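To keep things clear, I will list the structure first and then write my remarks on it.
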Amino acid sequence: MSKNDSAEEIQKKWNSFYSLDPVTTREIRRSFLQDEYLNPILPITLEDAFSLAVTRKKKFYYESSESDKGWFFGSGFKDRKNFGKLMDLQFEEFLNRKVKTVYYSNVVPNYLMPGVDAVRYRSLARELGRLGFVPHEEAISMEAEIGKMQHLEIEPSEFEVSSLRQGEEAKFLSFVEKNFNSDCYYRAKGVAEMGIKDQVVIARIGRRIVGYGMFSAGRGDMWYSPGERFGPFGVEDKERSKGIGALILAQLLNNMKGLGLKHAYFLWTSERATHLYSRFGFKVTRRFTIMKKDLLKPR
């Protein structure tokens, strides 16, 4: 890796382009350059352009093989010609690593943004389109000011909701592994083992866990500690549409407020799920487009 590809140079170019979404050198090292699951694509910078691209270094928990996939954390430029040259070099290296499809930019566990914000960074969305990227999925970001929120009363029901209990960690993680993806498991494991119990809320029928939600700092060396980032959040398939999600969400917001938090946010949900969150004061703040490109398809 050249001097131009150092964390300091990447940060300088990143913060110049993503002026509304700056990042620290420490976070670039943690989430990109030194992540144990990711193998960066070189070169990372070319003149004024930069592009943070990766492949899997090793399997991420129990996900299926992703050896034919690649991802972009974020890219930017001042001169589109330099950007095009840099991306062509990275596409070539992806092909050398037997990658068939690349995504912008939903790699887990430490993505910086879930995709392209075409409102804030229109030039990037336009250039990615010219390079053959097409829309794949939308991620909706929402936020809520919870500082003035009163304690939310939870009506009695057949479902019990409470914070994670002492000694319940293994059972909880087994539930997450059985019902949700590796990213959910990674985050649940970090918080259950290194956070505090009130960061996780469990829904039960008797002794059976049927749903959960959690919150954390979400980023940084102590990402698993209490913080404003809400989620992951989910209910067992066969128990959905019974009001369990609302019960979990209410208790989570109570717990967050109880720890002195005044704000809650998340980066990624679907259009369908926004209705539930809006009932609790969440508002849509940004929309990200996850894009993909078939490297075997000529431009």
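The values are calculated or read from the model by the stated rules, or taken from the named source; none is laboratory data. None of the values given here were measured: they were computed from a predicted structure. Don't worry about glycine lacking a Cβ; one is built from the backbone with ideal geometry, like all the others, and counts go over all protein chains shown.
Residue under question is Leu296, and the condition is that it be in contact with a Pro (Cβ under 8 Å, 6 or more places away or on another chain) and at pLDDT below 95; does it hold? Lay out the reasoning, then the answer.
Working: in contact with a Pro (Cβ under 8 Å, 6 or more places away or on another chain): no; at pLDDT below 95: yes.
No.
Name the single residue that is modelled with the lowest pLDDT among those in segment 121-156 being loosely packed, with under 14 Cβ neighbours inside 10 Å and in a loop (DSSP other than H, G, I, E, B). Show your work before the answer.
Applying the first criterion (loosely packed, with under 14 Cβ neighbours inside 10 Å) to segment 121-156 yields 122, 126, 130, 134, 145, 147-148, 150-151, 153, 155-156.
Going one step further and asking which of them are in a loop (DSSP other than H, G, I, E, B), we end up with 147-148, 150-151, 153, 155-156.
Working: Gly147: 90, Lys148: 86, Gln150: 84, His151: 83, Glu153: 80, Glu155: 75, Pro156: 68.
Only one residue fits best here, namely Pro156.
Restricted to segment 230-289, and to residues that are among the basic types (Lys, Arg) and assigned to a helix (DSSP H, G or I), which residue is surrounded by the fewest Cβ atoms within 10 Å (Cβ to Cβ)?
Here is the first cut: in segment 230-289, the residues among the basic types (Lys, Arg) are 238, 240, 242, 257, 262, 272, 279, 283, 286-287.
Retained after the next criterion (residues that are assigned to a helix (DSSP H, G or I)): 238, 257.
Details: Lys238: 7, Lys257: 18.
Among them, the one singled out is Lys238.
Annotation: Glu93 fulfils all but one of (1) acidic (Asp, Glu); (2) touching a residue at least 24 places away in the same chain (Cβ under 8 Å); (3) more than 21 Å from Ala7 (Cβ to Cβ); the unmet one is (3).
Here's the yes/no breakdown for (1) touching a residue at least 12 places away in the same chain (Cβ under 8 Å); (2) buried (at least 19 other Cβ atoms within 10 Å of the Cβ); (3) assigned to a helix (DSSP H, G or I):
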residue	(1), (2), (3)
Glu8	yes, no, yes
Glu36	yes, no, no
Ser51	yes, yes, no
Thr55	yes, yes, no
Lys58	yes, no, no
Glu63	yes, no, no
Glu66	no, no, no
Gly74	yes, yes, no
Phe83	yes, yes, yes
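Restricting segment 99-120 to residues that are in contact with a Gly (Cβ under 8 Å, 6 or more places away or on another chain) and part of a loop (DSSP other than H, G, I, E, B), the residue that is modelled with the highest pLDDT is Val99.
Please specify each residue of segment 238-257 satisfying the condition of being over 19 Å from Glu155 (Cβ atoms) and either among the charged types (D, E, K, R) or not assigned by TED's automatic domain parsing to the domain that holds Val161 (or both). It would help to see each step written out before you state the result.
First, the residues of segment 238-257 that are over 19 Å from Glu155 (Cβ atoms): 238, 256.
Selection gives Lys238 alone.
Each residue in segment 25-34 was checked for being free of Cβ contacts under 8 Å to residues at least 40 places away in the same chain and of a type outside the set (A, V, I, L, M, F, W, C), and 3 of them qualify.
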